[in-house]
Amino acid sequence: MLMKMSKRTEIMQIKNWKNWFDEAGDMSRFAGRFFSQWFRPRYEVAEFFRQCFIIGYKSLPLVGLTGFIMGLVLTMQLRPSLIDYGVESQLPAMVGIAIVREIGPVIAALIFAGKIGSSIGAELGSMKVTEQIDAMEVSGTNPFKYLVVTRVLATTLMLPVLVMLGDAISLYGSYLGVNIRGVTSFQLFWTQVFDNLSFSDVLPAFIKSFFFGFAVGVVGCYKGYNSRKGTEGVGRSANSAVVLSSILIFIIDLIAVQVTDIFELN
């Protein structure tokens, strides 16, 4: 009996790994199709700018609010520890480096994945199960270029902008946090922040935010474009888009940190 259960478990594990590799391959082909369709006319410029407005501008309030609270809370949490070590004056510099280099891009990307990844997955999933995508193909429109390429480009370009704005709002929240129990001028705070930031802190964080945005766009579009099983499939597409996007964000961040360390050592 135990041997049969163990064999069944092994078979299930093999099937799960097979399904995982199959999906990874399908997603890679989906991304390759995006690159092949990107440069081919006709270019959906109007739809691209509409998606930039929806994906970028309408996500700014949530990203900005999250960044503000993050900067404020991080400053208030770090202050007691820095006071114990007698380096309270380094608080703006430490918060600035932490936010710009790591915390800001990752948190903004996760918020972006939760809001935009699920939205794209649910939108394209509902279009798929109601056969709207099939109707676009019959009418002579290229649904992949109109629906997928525009959204992936918009997420890739808009997330870095949101990251920069979110970092600025987060640092302003940190400035208010510094002045809750102390007095630091606005000019002195920003001087301390920028004097301790280097080009190697800003550039890697900015570059990896493009990869974050691309991952969110590709995963959301892939899950929605290949949605099945009616309305239940739409919900699964939205949920799996958020989960997989979040995992990819952490993996990309880990790779980016390793690559940055290699360049800094050289």
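The values are calculated or read from the model by the stated rules, or taken from the named source; none is laboratory data. Owing to the predicted nature of the structure, the values given are computational and were not obtained by experimental measurement. Cβ coordinates were reconstructed from backbone atoms using ideal geometry, including for glycine residues, and neighbour counts include every protein chain displayed. All accessible areas refer to the heavy atoms of the entire protein, side chains included, with ligands and DNA or RNA removed. Shrake-Rupley method; radii C 1.70, N 1.55, O 1.52, S 1.80 Å.
Projected area of region 55-161, taken from the Cα convex hull and averaged over every viewing direction, in nm²?
The number I arrive at for region 55-161 is 7.9 nm².
Quick one: helix 199-225 against the long Cα principal axis of the chain, what's the angle to the nearest 10°, folded into 0 to 90?
30 degrees
With a bin width of 10 angstrom, please list the P(r) values of region 106-188 as percents of all Cα-Cα pairs, from the 0 bin to the one holding the largest distance.
Reading the bins upward from 0: 15, 31, 22, 16, 9, 6, 1.
Semi-axes of region 13-84's equivalent ellipsoid from the Cα gyration tensor, sqrt of 5 times each eigenvalue, largest first, rounded to whole Å?
With the √(5λ) rule applied to region 13-84, the semi-axes are 40, 27, 10 Å.
Whenever you get a sec, compute what percent of the accessible area on the chain sits on carbon and sulfur atoms (1.4 Å probe).
Summing carbon and sulfur atoms, their accessible area is 67 percent of the total for the chain.
What is the diffusion coefficient of region 155-221 in µm²/s, taking the Kirkwood radius over Cα pairs and the Stokes-Einstein relation at 20 °C with a viscosity of 1.002 mPa s?
157 µm²/s
Considering the Cα positions of the chain, please state its Rg to one decimal place and its Dmax as a whole number of Å.
22.1, 73
Please compute the per residue accessible area over the chain with all protein chains in place, 1.4 Å probe, rounded to a whole number of Å².
Solvent-accessible surface per residue comes out at 56 Å².
Eigenvalues of the Cα gyration tensor times 5, then square-rooted: what semi-axes does that give for region 51-91, in whole angstrom, largest first?
34, 8, 5
So, counting K/R as plus one and D/E as minus one, what does the shell of residues with Cβ under 9 Å around R79 add up to?
Residues near R79 contribute 0 overall.
Going 7 Å from the Cα of M136 toward and past its Cβ, which residues in region 31-49 have a backbone nitrogen under 15 Å from where you end up?
From region 31-49, the list is 34, 37-38, 42-49.
Taking the 0 to 90 degree range and rounding to the nearest ten, how far is the long axis of helix 150-178 tilted relative to the main principal axis of the chain, both from C-alpha atoms?
20 degrees
Helix 2-38 versus the longest principal axis of the chain: what angle, 0 to 90°, nearest 10, using Cα atoms?
Orientation of helix 2-38: about 80 degrees from the principal axis.
Can you tell me the alpha carbon radius of gyration of region 168-260 divided by the globular rule-of-thumb value 2.2 N^0.38 Å?
1.59
Okay, helix-only estimate at 222 nm for the chain: each DSSP H run of n ≥ 4 adds -39500 (n - 2.57), divide by all residues, round to 500 deg cm²/dmol; what do you get?
When only DSSP H runs of four or more count, the value is -27500 deg cm²/dmol.
Net charge around Q37, counting only other residues with Cβ within less than 15 Å of its Cβ (Lys, Arg = +1; Asp, Glu = -1)?
Around Q37, the surrounding residues sum to +3.
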